[in-house]
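Data block below; observations after.
The values are calculated or read from the model by the stated rules, or taken from the named source; none is laboratory data. In this text, all values refer to a predicted model and were calculated from it rather than measured experimentally. Cβ atoms come from the backbone with ideal geometry, glycine included; neighbour counts cover every protein chain shown. What goes into the accessible areas is simple: the full protein's heavy atoms, side chains included, and nothing from ligands, DNA or RNA. Shrake-Rupley method; radii C 1.70, N 1.55, O 1.52, S 1.80 Å.
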Amino acid sequence: MNKKLIAAAIVAAVVAAPAAFADSVVYGRAHVSVDMNDEESFGDKDNYEVNSRSSRLGFKGSEDLGNGLKAIYQFEFGIDVDDNAGINGGRNTFVGLAGDWGTFLVGKHDTPQKVAFYAAGNERLGDSIVDLNLRNCDFSRQGSAPIGVFHECRADNAIAYVSPSFGGFSVAGAVVPGEATDGDSADLNDAYSVGAMFSSNGLRASVGYTDYNDLPGATDVDVLQVGASMTMNAFSIGAQYETSDLDGTDYDAWAVTGKFTFGNNAVSVLYTDSDMEDTYDTSGWGLAAEHNFSKRTKVYAAYASAEQDNEGGSSTDDDVFSLGMIHDF
């Protein structure tokens with residue numbers, strides 16, 4: 001079919017769309033980096049990569065139901081823009097209701113603990129090599145951020161509530177039913193998560209907790225995180241801490257972060273440390289400089305260095321340099 005005819009058909013469909021779609025939007029992010037890895041796993045040889053870093057495409061909207069009530073929805077998908085893999089899995093995808101009393105939603109969503117983590121303001125350049133998270137839900141050390149030490153998860157089958165802000169303070173909670181398929185019973189709260197957030201006059205603080213212990217097929221995990229940051233004019237400093245019980249093994253992690261903004265530019269510095277009982281100790285630091293062409297487009301350069309000392313005496317040392325670009329739409 002002629003490309004002009006296809007374009008005309010799309011325009012006609014948009015023009016003819018019913019009023020129910022008036023409050024719907026398409027949004028997304030393209031985040032790509034060129035990374036040079038100097039890792040011991042490569043025999044101290046350079047390894048260059050092009051990485052898509054949590055690039056995404058989403059659709060969200062609402063319908064006014066009257067009396068301050070509205071229906072909301074969101075469908076968000078991860079997109080690999082560095083190869084032909086295309087859609088690489090679902091992100092926050094849900095339907096719900098919202099009003100002056102808060103937001104209630106059902107579907108796939110960040111746990112309140114994860115929401116609280118970001119609310120503390122210590123993630124300075126998310127999804128890059130200086131990301132603070134391990135970027136996985138099975139609680140093993142994986143991911144493309146060598147200095148990441150904090151656990152986060154996006155829960156399937158979540159039933160969640162987020163309160164409105166009261167003087168800068170808000171709370172969130174979620175339960176996750178186990179949905180047993182092997183004849184065992186499954187409760188509504190086989191996993192649960194709660195978070196409390198505060199933001200006022202440059203201070204951001206939060207505490208979050210998640211319990212996965214009764215979720216069928218899941219590792220027994222309890223995660224408690226606390227964090228805070230303070231922004232004063234162009235400077236921002238903060239700290240984050242986590243203590244966890246990972247299937248009977250104690251895990252502790254902490255980080256200090258800082259950011260200095262000048263004009264359309266910013267420089268961030270981060271230090272992280274973690275200790276997995278009888279398994280390993282890690283330490284790492286990162287430095288990133290970014291330039292914002294606009295509110296939607298930025299480029300950055302980042303460096304991250306991490307060392308892991310394993311029980312028994314072995315160790316690994318990873319260094320990564322990254323040049324990246326982020327465009328939001």
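Annotations
- Residues that are assigned to a strand (DSSP E or B), modelled with pLDDT of 95 or more and out of contact with any His (no Cβ under 7 Å at 6 or more places or on another chain) within region 79-107 comprise Thr93, Val95, Gly96, Leu97, Ala98, Gly99, Gly102, Thr103, Phe104, Leu105, Val106, Gly107, listed in sequence order.
- Any pair with Cβ under 6 angstrom, 6 or more apart, that starts in region 283-305 at a residue that is within 13 Å of Ile129 (Cα to Cα) and ends at one that is surrounded by fewer than 14 Cβ atoms within 10 Å (Cβ to Cβ): Ala301/Leu323
- Test: Asn292 is under 30 Å from Gly58 (Cβ atoms) and loosely packed, with under 14 Cβ neighbours inside 10 Å: no
- Members of region 104-124 that are open to solvent by 40 Å² or more (accessible area, probe 1.4 Å), touching a residue at least 12 places away in the same chain (Cβ under 8 Å) and not basic (Lys, Arg): Phe104, Val106, Val115
- Checked against the criterion of being under 21 Å from Ser268 (Cβ atoms), part of a loop (DSSP other than H, G, I, E, B) and modelled with pLDDT under 95, the candidates Ser185, Ser144 yield just one match: Ser144.
- Region 64-81: number of residues that are under 21 Å from Gly28 (Cα atoms) and in contact with a Lys or Arg (Cβ under 9 Å, 6 or more places away or on another chain): 8
Residue-wise test of (1) open to solvent by less than 70 Å² (accessible area, probe 1.4 Å); (2) polar (S, T, N, Q).
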position: Asp222; (1), (2): yes, no
position: Gln225; (1), (2): yes, yes
position: Ser229; (1), (2): yes, yes
position: Ile237; (1), (2): no, no
position: Ser244; (1), (2): yes, yes
position: Gly248; (1), (2): yes, no
position: Ala253; (1), (2): yes, no
position: Thr261; (1), (2): yes, yes
